[in-house]
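Below: one structure, written as structure tokens.
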Amino acid sequence: MSAFAAAEPAGDRRGLACAVALSALEGIGPATVLACVRGTGTGAAWDAVRAGRPQRIPPIAELVRRRAAKEPEMAQRLARQAAAIDPVVFLERHEAAGQRVAAYGTPGYPERLRNDPSPPAVVFWQGSLVGLDRPTVAIVGTRNATRLGCDTAARLAVELVERGVSVVSGLALGIDGAAHRAVVDRRGAGVAIGVVATGLERAYPRRHELLHRQVASTGLLLSESPIGSDPARWRFPARNRIIAGLSDAVVVVESRSAGGSMLTASEAVARDRTVLAVPGHPTSPASAGALDLIADGAVPVRDVTDVLVAIGMGGCEPVGHRDEAAAPAPISHLAARVLEVLEPGPSTLGELVVACAAGIEATSTALVELEVAGHIARSGGWFERTAEAGSARTGRDR
Amino acid sequence: MGFASIPSAIVVGVDGHRVAVEVHAARGIPGLTIVGLPDASCREARDRVRAAVLASGAKWTDQRVTVNLAPSSTRKVGSALDLAIAMAVLVASGELEAEHVRDVAFVGELGLDGTVRAVPGIVPIVDALGAEEVVVPVASATDAELVEGPRVRSVATLRELLAALRGEEPWPDHDRPPRDLSEPSTLDLSEVRGQAVVRRALEIAAAGGHHLLMIGPPGAGKTMLASRLPGLLPPLDRASAMEVSRIHSAAGHSLHGGLIRRPPLRAPHHSATMVSLIGGGTDAMRPGEVSMAHAGVLFLDELAEFPPTVLDALRQPLEEGVIRVNRARFAAKLPARFLLVAAMNPCPCGEAGRPGACRCPDGALARYHRRLSGPLLDRFDLRVDVLRPDVEQLLGGEAGESSSVVAQRVAGARQLALARGVLANAHLRGSELERWAPVTAEAHELLASTLRSGRLSARGLDRVRRVARTIADLAGHDGALTGAHIGTALHLRADVRLGAGVLA
């Protein structure tokens, strides 16, 4: 980093530091910082804010005026906050933490975001940007995903990276995490690009701390938030626009009708990227959003080929066929019935006993059979189909 | 100068303690002092006794009166000693012949007008007295008679008591509170529509003494199901019935003249305080809800809403079957061997945590579940999901088996457990499982693969085997546990979901 910094004129470095410092102020969002970068310059903006006279800088003046009803003392509050920050020291903190920083319009800023309609004013990243030079596909979806959804996300992610495509996602629970975990577990196969809402030093959700570190060390971890940014609500839709901006296509695996992934999809549409969705069962709430997208013209994903075609890699030779493995062992009639009942979505033992009209022990035995064969998985008291379930054959079929 | 000693008793925790009320009357400044560690309500006896004696027409002595409550080293609580103090004062001051009260014990609170009022804990008190004849308030007479041995005299006022003792009038024959020996109406299991799995879980819980956690959204019928559990348990035997009756009497509940023969059901609200649940508090060490549920069912609805300290306090009774309440002056051991049934919503949104459908923010779920400690969740051998039954089941679903049919199977399974030397299979020790709950090769493989998957802990393994033993017992299956038994036991022990997609 030091070599990179030294190559810059001193003034630019201060501009970068001030851009970072401005992003750390509460109430100043990426759009305002970007307007400063494009306008008066962040150094002047920072000095004005610090002096308690943000009115001199048009974008900040506009912001203060809009917020006046809610927060009449905003200018003074910003000045107080700014007094506690030394921009250059703050920038050095990022560098010391192994983060690289680039402001919009400066060398080093990711090429893919340069022409974005609402690019981040500053980006922070760890890892290597080479993943962005390859084709990129975002795999996103709901946090509360079904087992089938997570399996599908993981399988798609692995099949894409094996063909040299980088997988972009948000490192959230559910679909996002499943996709990246699969990429990280296939060490060396390809690049995971994680875009997070908080500062890079902070793994959110905490449960994904290990995944967060692994993506940072093997792939690319990127954010527009400086150190110390909390997981405030507004940051997540903002993060989603970066995911859309970085990707050649966006695949929504599972999403409810009002989920955050729907936002990612509309951001992708706004950027003229292809949106794809994995069709789910019509009655499954987890797939409602994905089906809405398909109804609105998104490309349905049957397998990885649909995604490859969407990013212009349709001719790619498949890397290998796992599906041609030995035919699965046949399953009992009751087990087949259980799989049928589970098709629309997860069920409890109680629901299965009623739907299969079988005894508790018999149903239980069938569930054990399916679990051992890997056709279903259990989470809490719920039983769900796995991606393997599609290949199940009953004894009757033979 | 006069002296008298009258036997009486007080209740601490669930046990009666004999107290000798000694009175010394001699010349001096007129007045009455009570010594021997009386608490506030006991010290106030001074004023009640004087007013009651005057109201009864007897003369109040102008001597100096000292009352000693022996043994004087333990704290005396409550107003049950009022009557004995009055009798001792009257004898010491020569108003009553000592001969008239020989071998008679007195229990009761006095009113200012001389009425004799009921006191809590009459059963353990009379039990501890061991007297030949005991005088009790009318309202407590039928309960006092439950104790075998003493002759129970009941009085309504001090005046009629004095007349009877002096032989001026016969012992009064008051209308006693009616004995209520009718079987308390139990709720029948056949009234539950659908919910086959939960009904089975209730049956297994009753048969094996396995603690049960029901996970389901509001309105799924968790409370209704839990309230049917006592009806499946075998009736209490004589010893348990006496023990339970003593506890309820000590807590101040009238027994209506009959021993409690049905296992009790206690369902404290989650706003209940620590003391009201666990017991203790004042010097009287009143039994709490967990002791009231002794030999019966303790139902905790909205488990996650209970304060974590209360839930942690449940661990001792769950392990040892007793609560030890220790205070600076003394300690009490309260029996608390109960079947714990708890209910909780899987998550605040009410979608029962259905994967892909629950709308709860992740943090809310984590906060919700953090209130339940792992060790507590681990005590539930049975953890089942309870969903709202759909309309067809509610309206048309066929009625299930009635409680009496299920209770018969439960009784059979309990017999088998007794033959193994335990009250119920849940109490089988780990070292005895090889003997009483061997598994077939197929079941062994299933357990091994579940252990390997990390879904089952070593402690959980034993619990699953005990439940499987109960399942087999209920089915009349003797011998090694098959894969179906183990599989069912595993499926009746759902992991508790901690947030989307993550298990604990």
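The values are calculated or read from the model by the stated rules, or taken from the named source; none is laboratory data. What you see is a predicted model; the values in this text were computed from it and never measured. Virtual Cβ from ideal backbone geometry, glycine too; neighbours counted across all protein chains shown.
Checked against the criterion of being crowded, with 24+ Cβ neighbours inside 10 Å, assigned to a helix (DSSP H, G or I) and among the small types (G, A, S), the candidates B:A472, B:A426, B:A448 yield just one match: B:A472. Taking segment A:349-366 as the range and being small (G, A, S) and over 38 Å from the mean Cα position of the chain (by Cα) as the test, the residues that pass are A:A357, A:A358, A:G359, A:A362. Could you list, in sequence order, all residues of segment B:76-112 that are of a type in the set (D, E, K, R) and out of contact with any strand residue (DSSP E or B) (no Cβ under 8 Å at 6 or more places or on another chain)? Once the filter is applied, which keeps residues that are of a type in the set (D, E, K, R) and out of contact with any strand residue (DSSP E or B) (no Cβ under 8 Å at 6 or more places or on another chain), segment B:76-112 yields B:E95, B:E97, B:E99, B:R102. Evaluate segment B:337-345: report whether one residue or more is at pLDDT 85 or above, outside any strand (DSSP E or B), under 24 Å from the mean Cα position of the chain (by Cα) and within 30 Å of A:R207 (Cα to Cα). No, segment B:337-345 contains no residue that is at pLDDT 85 or above, outside any strand (DSSP E or B), under 24 Å from the mean Cα position of the chain (by Cα) and within 30 Å of A:R207 (Cα to Cα).
Of the strands (runs of 3 or more DSSP E) lying entirely inside segment B:99-168, those containing at least 2 residues that are buried (at least 23 other Cβ atoms within 10 Å of the Cβ), touching a residue at least 24 places away in the same chain (Cβ under 8 Å) and of a type in the set (A, V, I, L, M) span B:133-137. For segment B:67-91, the candidate set comprises residues that are over 15 Å from B:A52 (Cα atoms) and surrounded by 24 or more Cβ atoms within 10 Å (Cβ to Cβ); within that set, the residue that is modelled with the lowest pLDDT is B:K76. Taken residue by residue, segment B:79-86 has no member that is over 30 Å from B:D173 (Cβ atoms), in the same structural domain as B:R159 (by TED's automatic domain parsing) and not aliphatic (A, V, I, L, M).
Applying the set (1) among the small types (G, A, S); (2) within 30 Å of A:V301 (Cβ to Cβ); (3) surrounded by fewer than 19 Cβ atoms within 10 Å (Cβ to Cβ) to A:A96 leaves exactly one unmet item: (2). Do we have A:L349 as aliphatic (A, V, I, L, M) and facing chain B (nearest Cβ under 7 Å) here? So A:L349 passes the test.
Yes or no, residue by residue, for (1) at pLDDT 85 or above; (2) within 16 Å of the chain's Cα centre (by Cα); (3) surrounded by fewer than 17 Cβ atoms within 10 Å (Cβ to Cβ):
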| position | (1), (2), (3) |
| --- | --- |
| B:V192 | no, no, no |
| B:A201 | yes, no, no |
| B:G216 | no, no, no |
| B:G231 | yes, no, no |
| B:R246 | yes, yes, no |
| B:A250 | yes, yes, no |
| B:L259 | no, yes, no |
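The set of residues in segment B:381-407 that are away from chain A (no Cβ under 12 Å) and modelled with pLDDT of 75 or more comprises B:D381, B:G400, B:E401, B:S402, B:S403, B:S404, B:V405, B:V406, B:A407. Output the residue which, of all residues in segment A:233-278 that are basic (K, R) and part of a loop (DSSP other than H, G, I, E, B), is surrounded by the fewest Cβ atoms within 10 Å (Cβ to Cβ). Within segment A:233-278, the match that is surrounded by the fewest Cβ atoms within 10 Å (Cβ to Cβ) is A:R233. When B:E203, B:E243 are screened for being within 14 Å of another protein chain (Cβ to nearest Cβ), among the acidic types (D, E) and either touching a residue at least 12 places away in the same chain (Cβ under 8 Å) or not in a loop (DSSP other than H, G, I, E, B) (or both), only B:E203 passes.
Just one of the numbered conditions (1) at positive phi; (2) at pLDDT below 90 is not true of A:E71: (1). Residue check: is A:T264 away from chain B (no Cβ under 14 Å) and not aliphatic (A, V, I, L, M)? Judged against the criteria, A:T264 is a match. Filtered by the rule that a residue be in a helix (DSSP H, G or I) and either in contact (Cβ under 8 Å) with a residue 60 or more places away in the chain or β-branched (V, I, T) (or both), segment A:211-232 gives A:V215, A:A216, A:S217, A:T218. Going through (1) under 22 Å from B:A45 (Cα atoms); (2) not assigned by TED's automatic domain parsing to the domain that holds B:V21 one by one, B:R176 falls short only on (1).
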